[in-house]
1. Among the lysines, select those whose C-alpha is under 27 Å from the C-alpha of K4, and discard any that sit fewer than 8 residues away in the same chain.
2. Which of rounded, prolate, oblate describes region 1-145, given a ≥ b ≥ c as roots of the alpha-carbon gyration tensor eigenvalues and a/c under 1.5 marking rounded, otherwise prolate only if a/b is larger than b/c?
3. What residues qualify as long-range amide H neighbours of H192, i.e. H under 5 Å apart, gap of 5 or more or another chain, H built at 1.01 Å from N?
4. Just tell me which aspartates and glutamates come within less than 14 Å, Cα to Cα, of K263; anything on the same chain fewer than 8 places away is out.
5. In a GNM of the chain with a 10 Å cut-off on Cα contacts, which of P196, P62, P233 has the highest mean-square fluctuation?
6. So how do D189, D60 rank on accessible area, 1.4 Å probe, biggest first, that is with the largest at the start?
7. Please list, in order along region 98-104, the HN-Hα scalar couplings obtained from phi with the Karplus expression 6.51 cos²θ - 1.76 cosθ + 1.60 (θ = phi - 60°), rounded to whole Hz, x for Gly and Pro.
8. Do you know the relative contact order of the chain, to the nearest whole percent, from alpha carbon pairs under 8 angstrom that are 6+ apart?
Amino acid sequence: MMTKYWSSDPAQAGLKEAAAALADGGIVAFPTETVYGLGGDAGNTEAVTRIFAAKGRPSDNPLIVHLAEAADVGRLATQVTEIERRLMEAFWPGPLTLVLPVREGVVSPLVTAGLDTVAVRVPAHETARRLIAESGCPLAAPSANRSGRPSPTQASHVREDLDGRIDGILDGGPTGVGLESTVVRVIDDRIHILRPGGVTCEMLQQAVGGRASVQGEESRQTEASLEQAPRSPGVKYAHYAPKGELLLVTGEQEAMIAAVQSKVDEARALGSRVGVLACTEHAGRYEADAVLDCGPRSSPEVAAQALYAHLRECDARELDFIVAEGYEERGIGTALMNRLRKAAGGRVLNV
Ligand code: TXA
Ligand code: MG
């Protein structure tokens, strides 16, 4: 298959052609404020089948449906509670996905993986919203990467993974947040975070005031609360992994720096090519085959924005082993650490 490549420049016809391809059952990658998505008409089972096939995604992992306007939510969901309404008003358009009871017969059963809920969001990216509106259909869109690879934050990443497997790529430049949306489900007066993201725990709590409590992501909960917690099917899959093995190191700064360098030295002594993901302040202190600068320690949002490109860079540099500095788990730092832990596949050293 020939993958078309369009600029999202409004002076050109790219967006219209991409929208026409979508309306016609095609699958097209497009920019959002989080990461690039691979879109298809959510009501078209053939298009959705092609999304799963192009990504190599397991069919029991449901997709997020993207709308151009919050006012369209009733097309997909049978019910929106007071708390959910508040969250939509506060964060849509934006990087928040809500899991809602699905209206029967409007989205392909493949989108929901047979669940009675549907995940919905309205992206805060002009190109994305214009594309959805112009195509005339809600777009089912997972991140536009091959399953297991880091999510794409630039059109070139999509090309690396999916060239020849999809109908087109609409290039809107690099994405903003750099990590996927926050996925929440509201049950009674509790907002359960199924996946941390651009909308932080603190922001959710502030938006609902005292009217609801926010429950952290399930991997951070106790066994007891986990039993009652709703699940996001996606969280059980290994994710975001570079080809080399990644070790995440956390702890007080000087101890952390010493531990990172000692892990680097150990691996290099065994003949590995080793990289470090470090903040600007520490980058100059490491000796390794590659040191990737993640921005100032006080700006975890810069590290979040760059994370997936850095993980791809580690692959391009053929690093066998990567040691990453940890961040404080607050604000966007929570989502950043969630993705780092996943990339590390559980290899975390706390010093
Ligand atoms: O920022 C984003 O959310 C990006 C952009 C493209 O919008 N999309 C994205 O999609 O990250 P994807 O498919 O890579 O992740 C969707 C997540 C998965 O963890 C999936 O399990 C969860 O949402 N999900 C989807 N439908 C669900 C449902 N009905 N109930 C619970 N979790 C659901
Ligand atoms: Mg994904």
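1. Straight-distance partners of K4: K16, K55.
2. Note, shape of region 1-145 comes out oblate.
3. Result for H192 returns R185, V186, I187, Q215.
4. Here the aspartates and glutamates satisfying the reach criterion relative to K263 are E245, E287, D289, D320, E325.
5. The residue with the greatest mean-square fluctuation here is P233.
6. The residues order as D189, D60, largest area first.
7. Those phi angles translate into 10, 8, 10, x, 7, 6, 5 Hz.
8. 19 percent.
The values are calculated or read from the model by the stated rules, or taken from the named source; none is laboratory data. Everything quoted here is computed from the prediction, not taken from an experiment. A quick note on method: Cβ atoms are made from the backbone with ideal geometry, for glycine too, and the neighbour counts reach across all protein chains shown. With ligands, DNA and RNA removed, areas are computed over all heavy atoms of the protein, side chains included. Shrake-Rupley method; radii C 1.70, N 1.55, O 1.52, S 1.80 Å.
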